[in-house]
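**Q** My questions all concern the structure below.
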Amino acid sequence: MNKFFANTFCLVLLICGTISLKAQDNATDAHEVNIKIPEVAILDIESTSSTSFTLAPEKPTEAGLALDFSEAKNTDLWLNYSSIVGSTTQSERTIDVKIQDGSTVPEGLVLKVSAAADEGNGDGEMGTPVGEITLSNTAQDFIKGIGSCYTGSPAKNGHQLTYLLELNSADGSYGKIDFDESTSLKIVYTITE
Amino acid sequence: MIEKFMIIIKWKKAVFQRSFFALIFNFYLIFSLQGQTSMSVNGNWNYTVSPVIEAGNDFSLFYTSAPDQVYLSADKNKAKGNFKWSFSIHKEDVLWDNTMRLFVKRTGNGTNTSNGNGGGLIQGGTAFQEINNTDNFFFSGKKGRVDIPVQYQIQGLSVLIPADNYSTNIVYTLREE
């Protein structure tokens, strides 16, 4: 009986040892996958036709009347942008606008620009337009609070721009208007990086 | 009382002898017949997302690595007969955004190492499957095989994900079946 028990015990040990060690026969190895998402800050101006346009007041049709500025506007341009802000480096971006150095609006007149709210065709944290501003050679905040987002592209995506050419409201402005002063201006938009 | 004590001693001696031989036999089985399974993973995938070229657009829907971005090997020394094995895969995130989804597939069969002892077999894993944080079956085979090419694909990248260096460890486990 004792011999039988001893043999049985050894046989069980043999089987268990083989099975258990075989079950441990796994091997594991690993490697890294690294994905770098870069910061992105790009914008462009898109149009249904051309990004160049002409603004001019209507000549009076009746002697004694002033120039008519009511049609001196353009709404054909859209501002598109893509932005990724850094989680620690820069939490939001701003777009500013100015007239490129070396050129100015003809005397007696002002050029204004405003942006509509984003068209809603992209995704993310779009910026908020500050409202209508009078353009000058000094950069001014135009759209603020831009997070990680994309507006969609091309025209009819992003923020529609409205340009208005108006008579300067300051006294004596009309007297400064000079038809020889027709000029070309370049409007510069910059997104902060 | 004394007689009984002697019986116990004898019994223990018998058990000891048989246990000793059983252990020796086990070692013989393991090291002489079974051999040691081994695996290797060679390569990494370091990818910088291509910048957005057109303002207003998002990143592309997906990016794919080279077809042979990483090589896997499954082998066993002194393997005789059918050495059946399978690979499983999971990821362990270091810094990861859950909108990013990582996929993997096998793009080739590798090289059979059975040295003329039959052709071996490799099957499964040839369509992209998502790598999760829990272990999932990838593909299986018979007999040793080295240089099995593997390709990755990442989906869900967007400018909505904060700029950063994201990292995850891809863990392969070779199981003998």
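Here, each number is a calculation from the coordinates, and none is a lab measurement. What you see is a predicted model; the values in this text were computed from it and never measured. Here the Cβ is made from the backbone with ideal geometry for all residues, glycine too, and neighbour counts use every protein chain on show.
**Q** Please report B:Ser50, B:Ser114 as a ranked list, fewest other C-beta atoms within 10 angstrom at the top and most at the bottom.
**A** Fewest to most other Cβ atoms nearby, the residues stand as B:Ser50, B:Ser114.
**Q** A:Glu119: net charge of surrounding residues, Cβ under 13 Å, Lys/Arg +1, Asp/Glu -1, itself excluded?
**A** Value of the local net charge: -2.
**Q** Take the alpha carbon atoms of segment A:38-86, find their radius of gyration, then divide it by 2.2 N^0.38 Å using N residues; give the quotient.
**A** Compared with the compact-globule rule of thumb, segment A:38-86 sits at 1.91.
**Q** While we're looking at this one, here's another question. Beta carbons within 10 angstrom, averaged per residue: use that to sort the peptides B:94-107, A:156-169, A:71-84, highest first.
**A** So the order, starting with the most tightly packed, is A:71-84, A:156-169, B:94-107.
**Q** About the Cα centre, and with charges only on the beta carbon of Lys, Arg (+1) and Asp, Glu (-1), how big is the dipole of segment B:36-176? Nearest 20 debye, please.
**A** Dipole about the Cα centre, nearest 20: 1040 debye.
**Q** Where does segment B:36-176 land on Rg(C-alpha)/(2.2 N^0.38 Å)? Walk me through the numbers on the way to the answer.
**A** Working: Rg = 17.4 Å, N = 141, 2.2 N^0.38 = 14.4 Å.
Relative to the rule-of-thumb radius for its length, segment B:36-176 sits at 1.20.
**Q** Right, here's the next one. If you take each beta carbon of peptide A:88-96 and count the beta carbons of other chains within 10 angstrom, what is the mean?
**A** 1
**Q** Within segment B:156-177, which residues have the backbone N less than 20 Å from the label spot 7 Å out from B:Ser38 along Cα→beta-carbon, could you tell me?
**A** B:172-177
**Q** Could you compute the FRET efficiency for B:Asn165 and A:Asn26, with r as their C-beta to C-beta distance and R0 at 30 Å, rounded to 0.05?
**A** Once the sixth-power term is evaluated, E becomes 0.45.
**Q** What is the order of B:Val41, A:Val85, fewest Cβ neighbours within 10 Å to most?
**A** Sorted ascending by nearby Cβ count, the order is B:Val41, A:Val85.
**Q** With 26 Å as the limit, write out which pairs from A:Lys59/A:Lys144; A:Lys36/A:Lys98; A:Lys156/A:Lys186; A:Lys112/A:Lys176; A:Lys59/A:Lys176; A:Lys36/A:Lys156 have Cα-Cα distances beyond it, or answer none.
**A** Where the Cα-Cα span goes over 26 Å, the pairs concerned are A:Lys59/A:Lys144; A:Lys36/A:Lys98; A:Lys36/A:Lys156.
**Q** Further, regarding this structure: For chain A, what is the mean residue ellipticity at 222 nm derived from helices alone (per DSSP H run of n ≥ 4: -39500 (n - 2.57); sum divided by total residues; nearest 500 deg cm²/dmol)?
**A** -4000 deg cm²/dmol
**Q** Looking at the square roots a ≥ b ≥ c of the eigenvalues of the Cα gyration tensor of chain A, which shape do they give, rounded for a/c under 1.5, prolate if a/b is larger than b/c, or oblate?
**A** Note, shape of chain A comes out prolate.
**Q** Which of A:Thr51, A:Thr61, A:Thr134 ends up with the largest GNM mean-square fluctuation for chain A, with Cα atoms connected below 10 Å?
**A** A:Thr61
**Q** A follow-up question, please. Any idea how many Lys pairs in segment B:36-176 come in under 12 angstrom at the alpha carbon, given 8 or more places apart or on separate chains?
**A** For segment B:36-176, qualifying lysine pairs total 8.
**Q** Could you please report the charge total around A:Ile37, scoring K, R as +1 and D, E as -1 over all other residues with beta-carbon less than 13 angstrom from its beta-carbon?
**A** So the surrounding residues net to -3.
**Q** I've got another one for you. For the pair B:Gln155 and B:Glu54, what calculated FRET efficiency results from E = 1/(1 + (r/R0)^6), where r is the Cβ-Cβ distance and R0 = 22 Å, to the nearest 0.05?
**A** E between B:Glu54 and B:Gln155, to the nearest 0.05, is 0.60.
**Q** Enter the mean number of other protein chain beta carbons within 10 Å of the beta carbon of each residue in B:164-175, as an integer.
**A** Partner-chain Cβ atoms within 10 Å, mean over residues of B:164-175: 5.
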